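The values are calculated or read from the model by the stated rules, or taken from the named source; none is laboratory data. What you see is a predicted model; the values in this text were computed from it and never measured. Positions of Cβ are backbone-derived with ideal geometry, glycine not excepted, and every protein chain shown enters the neighbour counts. We work out accessible area using only protein heavy atoms, side chains counted, and drop any ligands, DNA or RNA first. Shrake-Rupley method; radii C 1.70, N 1.55, O 1.52, S 1.80 Å.
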Amino acid sequence: MTTTAPAATPPPAAPPSSAPAPGPDRPGFWRRFRDNRPAFVALVVLAVLVLASLAAPLIAPYAPEAIDVPRRLSLSTPDHWLGTDSLGRDTFTRLLYAGRVSLMAAALAVAIATAVGVPLGLLAGYVGGKVDWLLGRAGDVLMTFPAIILAIAIIAATGPGLQNAMVALGIVYAPRLFRVTRAATLQVRAETYVEASISIGTPAWKIIARRVLPNVASPVLVQVSVMLAAALLAEAALSLLGLGVVPPTASWGVMLGSGFKEIRSTPLLVFWPGVAIAVATLSFNLIGDGLRDALGRRIRKAAP
Amino acid sequence: MLGLLARRLAFTVPMLVVVSFCVFSLIVLVPGDPAVALAGENPDPEQIAAVRERLGLDDPFLVQFWHWFSGVLQGDLGQSLFSSQSVAAAVFSRLPATLSLALLSLAVALVLGVAVGVLAAMRPGTWIDRVATFAASLGVAVPYFWVGMILVLLFAINLTIFPAVGYVPLTENPLQWFLHLFLPATALGLAPAAVIARQTRAGMTGVLREDYVRTATAKGLPPARVVGQHALKNAAVPVVTAFGLEASRLIGGTVVIEQLFALPGLGNLAYTSVFARDFPMVQGVLLVVAALVLLINLLVDLSYGYFNPRIRQS
Amino acid sequence: MSAPATTSTLLGVSDLRVEFATDHGWSTVVAGTTFSVGEHEIVGLVGESGSGKTVTGLSVLGLLPRGVGRVASGSVTLGGRDLLGLSERELRSVRGNEVAMVFQEPMTSLNPAFRIGDQIAETVRLHRGGSRRAARDRAVEVLDLVGIPHARRRADDYPHEFSGGMRQRAMIAMAVSCEPSLLIADEPTTALDVTIQAQVLELLASMQAELGMSVLLVTHDLGVVAEVCERVVVMYAGQVVEQADVGELFDHPRHPYTEGLLAAMPQLGSRGHRLPSIPGRTPEPWAMPPGCRFAPRCEYALPACEEPPPLLTTRPDHLSRCLRHDELTLRGAR
């Protein structure tokens, strides 16, 4: 896999049925990713999860808040495939709606981390010197706090709520993206063709946009995928504690938390949201592994 | 070794100061007037004034920090907003439960992770390796708090082997201490075990092919010593690095696990303080946790010197 | 035993067959090797890479990589005791104790994470027991023996603080620490500078004389053999092709492959000349010629060489696996 052809630009959104990847020696990014069976299966599973969550109003058999006290805490029945909770709400329906909240929350946290970490990483890696040192130490300091505990402390100041929780997580995760971006930037910065560009007076933003960003994209993408898994877990943990999503809105974490109260009578209530979180987390991790393998060990020369 | 220690301390001590500053600065995130926000629900002017007075909110920010930090240096973390308890006393009364949980979980993680990783590395490509690799992928993804719930369901509710909740201090009854912590520690330790197993497998696969491993066998050493001593020490650095990172994450996880298993630890204190908006208490917990993480990082860095003699002398 | 040993036999390798797992299934890499090493004797086991000489050395101590290599048949005896039949536990008491090994790469053969003295003392304690102190004293003693200056102090060093030559000395010290009856040295000088090579060879020879052990010196370099060995076993493509005393073999080689090896040996004073080399390369284990394995590269090959030749006694104490061993006049060392 180390034979490097002048790699074709990977078409990340290419449909699975796309023609054989271009490039005679090294198959295209999509082909390489697809040949990684666990990663590909994970992508399909995740796509199903996301689509099902988005289409919740269309496919859910009940309204998410529809209370049916007589049939509370029921097991799997023809009416309620996955049973009902302590208020008689349909578990399947709530799983779908909760998926929206959980996945959106994770995406929000990672988006914030990206928006903060990547530009600062570019800056530190490109400018170097004192700026780099200062930003690096700031990252070290943030990394000293375990993510959940720092998030809890931030929530202690700002008050509970999904938005606050996700902003907190985003801040906590930013240093990791910062490090990845900085490392990749430093690597590109040292390339001869970049040195040459700088010496003939190409403006920094042009070099960053044309040379640096394309090479930073791969490691960032891998990190984002893995981080989505972590954010999903963290959101669930915070919501479980009542510090994230506040009931009656459901997230998978909220469902776990309320289900745990009924664990002696209806263990199924903690089973399904746990499975949902585990499947989503595993998918993100496997996709991350797949991306790493498909993108790895290759410095892509950006188009001139 | 002393040189290494000095170099690491020269990094750790300033970090502690900066970390303290960050912990203290969190108060600027409180929206509006902190005194109003922190004085509880429907506060009367007197309560607000008391909070303002207690936190010294009228002073310039740096002066406030200095008051707080000079206290911290003398072991005074401040006063709870809602009880007469000192933060330091509260934090230290909660420390044993959290440390017990964390250390036991880390032991689970290290023993299980290294054992599985070594086994997989010794027989690459076999079913042992494949099962271990699969279990590790799963272990990283499955939420620890969910594992905790399932363990409670299986071993505390259905089989009643272990108690579901509660904590008994080690000094009181070591057996009960262990029984009460077994399920939470297992729940918390499995994910780091998976990470450590992956790292161990990766490191050991390479090391087991090294010439000095063959030398050790040719000397007549039994396989357990060839692998457990000669190979493992050389594969240790990335494993210990992973261990350090996981330790930090695991300490975060204690907050949730302590809630599920009703353990009176630091996480539980943080949890109740957040809902009570007892800000000095939250700061105290945060500071102690950060200090713990810095201590772990320091130990990890020092261990590099033990595992790799070249680091020691550079 | 087809080679009558001049002294009583210590190591007897008889019809040894070793197979390796390859992409082509289990392939035979050592095909019926027979030779012996007498007491107090230094024997060279010579061949190009791929000849099976290293594998033969590893087989003696059961050190073939697990799941990759296996002994298919044959016997290996040490002082009359069958080593291949030993249990793993019994074998461990032979390794490092009765039979010790020195490997090719001194830079990587010592464990970088442990002190040199400790690595030697570990061997001593393993086989001889005794206190840590005594083992450590023994480690210092053998380090001193192999010529490490300030041995007591240097025993506390880690391998990265030793030069390549010193590391190989340390390896030898470790090997002789339990006074083995046989030392197998696998290309002990190949990775070293020329000047250091000579010192290490000299050390091996003096250790052998001093401790009265036998040495099986595995090498591709006939020059090394000439330096220290009494007898030579030449291997090609998994078979022994010639076996004789050093003087006899160098003066009157009886196998074309040996002639080629001798011609390729650098000579003092022959600077500037291009060394002749044997054309072609060792066949892969899964694509062995059916007859004489050297025939495709042999300038003397006849149609009769399509049949596999046996190992023939050409003169007393001189064996050759060449049909034409009697009729050819081959060039010896110049």
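Tabulated values for the structure
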| read-out | value |
| --- | --- |
| Qualifying positions in region C:173-213 - without any contact (Cβ under 8 Å) to a residue 24 or more places away in the chain and not in a helix (DSSP H, G or I) | none |
| Qualifying residue in region A:117-124 (condition: in a helix (DSSP H, G or I), within 14 Å of chain B (Cβ to nearest Cβ) and touching a Phe, Trp or Tyr at 6+ places or on another chain (Cβ under 7 Å)) | no |
| So B:Leu16, is it at pLDDT 80 or above and away from chain A (no Cβ under 14 Å) | no |
| Leading residue by the ranking (nearest to A:Glu235 (Cα to Cα)) among those in region A:269-284 that are in contact (Cβ under 8 Å) with a residue 60 or more places away in the chain and within 7 Å of chain B (Cβ to nearest Cβ) | A:Ile277 |
| Counted residues, region A:129-141 - those being within 12 Å of B:Val19 (Cβ to Cβ) and more than 8 Å from every other protein chain (Cβ to nearest Cβ) | 1 |
| Any pair with Cβ under 7 angstrom, 6 or more apart, that starts in region B:287-305 at a residue that is more than 11 Å from every other protein chain (Cβ to nearest Cβ) and ends at one that is not in a helix (DSSP H, G or I) | B:Gly305/B:Met1 |
| Helices (runs of 4 or more DSSP H) contained in region C:36-125 and holding at least 2 residues more than 9 Å from chain B (Cβ to nearest Cβ) and surrounded by 24 or more Cβ atoms within 10 Å (Cβ to Cβ) | C:53-60 |
| Near pairs, Cβ below 8 angstrom, 6+ apart or cross-chain, from region B:72-91 (over 17 Å from B:Pro264 (Cα atoms)) to any residue that is of a type in the set (Lys, Arg) and open to solvent by less than 80 Å² (accessible area, probe 1.4 Å) | B:Leu81/B:Arg277 |
| Qualifying residue in region A:185-205 (condition: within 24 Å of B:Val293 (Cα to Cα), more than 14 Å from chain B (Cβ to nearest Cβ) and either of a type in the set (Ser, Thr, Tyr) or in a helix (DSSP H, G or I) (or both)) | no |
| Residues satisfying the stated conditions in region A:174-201, i.e. farther than 22 Å from A:Gln223 by Cβ and open to solvent by 70 Å² or more (accessible area, probe 1.4 Å) | A:Thr192, A:Glu195, A:Ser199, A:Ile200 |
| Exclusive hit being in contact (Cβ under 8 Å) with a residue 12 or more places away in the chain and more than 9 Å from chain B (Cβ to nearest Cβ), set A:Leu243, A:Leu228 | A:Leu228 |
| C:Gly32 vs. criteria over 28 Å from C:Ala264 (Cα atoms) and open to solvent by less than 40 Å² (accessible area, probe 1.4 Å) | no |
| Hey, B:Gly265 over 30 Å from C:Gln168 (Cα atoms) and more than 10 Å from chain A (Cβ to nearest Cβ) or not | yes |
| Region B:217-228: number of residues that are more than 7 Å from every other protein chain (Cβ to nearest Cβ) and farther than 13 Å from B:Val114 by Cβ | 4 |
| Filtered residues of region B:141-163 (kept if open to solvent by 20 Å² or more (accessible area, probe 1.4 Å) and touching a residue at least 40 places away in the same chain (Cβ under 8 Å)) | B:Val142, B:Tyr144, B:Val147 |
| Tabulated pairs, region B:219-233, first at positive phi, second modelled with pLDDT of 90 or more and part of a helix (DSSP H, G or I), C-beta under 9 angstrom, 6+ apart or interchain | B:Gly220/C:Leu91; B:Gly220/C:Arg92; B:Gly220/C:Ser93; B:Gly220/C:Val94; B:Gly220/C:Thr123; B:Gly220/C:Leu126; B:Gly220/C:His127 |
| Boolean, C:Ala295 is closer than 24 Å to C:Glu19 by Cβ and either open to solvent by less than 30 Å² (accessible area, probe 1.4 Å) or touching a residue at least 60 places away in the same chain (Cβ under 8 Å) (or both) | yes |
| Hits in region B:22-33 (condition: at the interface with chain A (Cβ under 9 Å from one of its Cβ atoms) and either out of contact with any helix residue (DSSP H, G or I) (no Cβ under 7 Å at 6 or more places or on another chain) or open to solvent by 30 Å² or more (accessible area, probe 1.4 Å) (or both)) | B:Cys22, B:Val28, B:Leu29, B:Pro31 |
| Tally of residues being at pLDDT below 85 and open to solvent by 40 Å² or more (accessible area, probe 1.4 Å) across region B:164-180 | 1 |
| Hits in region B:119-138 - residues which are open to solvent by 20 Å² or more (accessible area, probe 1.4 Å), assigned to a helix (DSSP H, G or I) and not polar (S, T, N, Q) | B:Leu119, B:Met122, B:Trp127, B:Ile128, B:Arg130, B:Val131, B:Phe134, B:Ala135, B:Leu138 |
| Listing of helices (runs of 4 or more DSSP H) fully contained in region B:1-103 that carry 2 or more residues being in contact with a Lys or Arg (Cβ under 6 Å, 6 or more places away or on another chain) | B:34-38 |
| Residue match in region B:236-250 (condition: on the phi < 0 side of the Ramachandran plot, of a type in the set (Val, Ile, Thr) and within 14 Å of chain A (Cβ to nearest Cβ)) | yes |
| A:Val172 more than 21 Å from A:Arg137 (Cβ to Cβ), in contact with a Leu (Cβ under 9 Å, 6 or more places away or on another chain), assigned to a helix (DSSP H, G or I) and of a type in the set (A, V, I, L, M, F, W, C) | no |
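Residues are listed down the side, and each one gets a yes or a no for (1) more than 19 Å from the chain's Cα centre (by Cα); (2) over 26 Å from B:Phe261 (Cβ atoms); (3) open to solvent by less than 50 Å² (accessible area, probe 1.4 Å):
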site: A:Gln223; (1), (2), (3): no, yes, yes
site: A:Ala237; (1), (2), (3): no, no, yes
site: A:Leu241; (1), (2), (3): yes, no, yes
site: A:Trp252; (1), (2), (3): no, no, yes
site: A:Phe260; (1), (2), (3): yes, no, yes
site: A:Leu269; (1), (2), (3): yes, no, yes
site: A:Gly274; (1), (2), (3): no, no, yes
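Matching residues to (1) of a type in the set (A, V, I, L, M, F, W, C); (2) at pLDDT 85 or above; (3) open to solvent by 20 Å² or more (accessible area, probe 1.4 Å):
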{"residue": "C:Gln239", "(1), (2), (3)": "no, yes, yes"}
{"residue": "C:Asp251", "(1), (2), (3)": "no, yes, yes"}
{"residue": "C:Ala263", "(1), (2), (3)": "yes, yes, yes"}
{"residue": "C:Ser277", "(1), (2), (3)": "no, no, yes"}
{"residue": "C:Pro303", "(1), (2), (3)": "no, yes, yes"}
{"residue": "C:Pro310", "(1), (2), (3)": "no, yes, yes"}
{"residue": "C:Ser320", "(1), (2), (3)": "no, yes, no"}
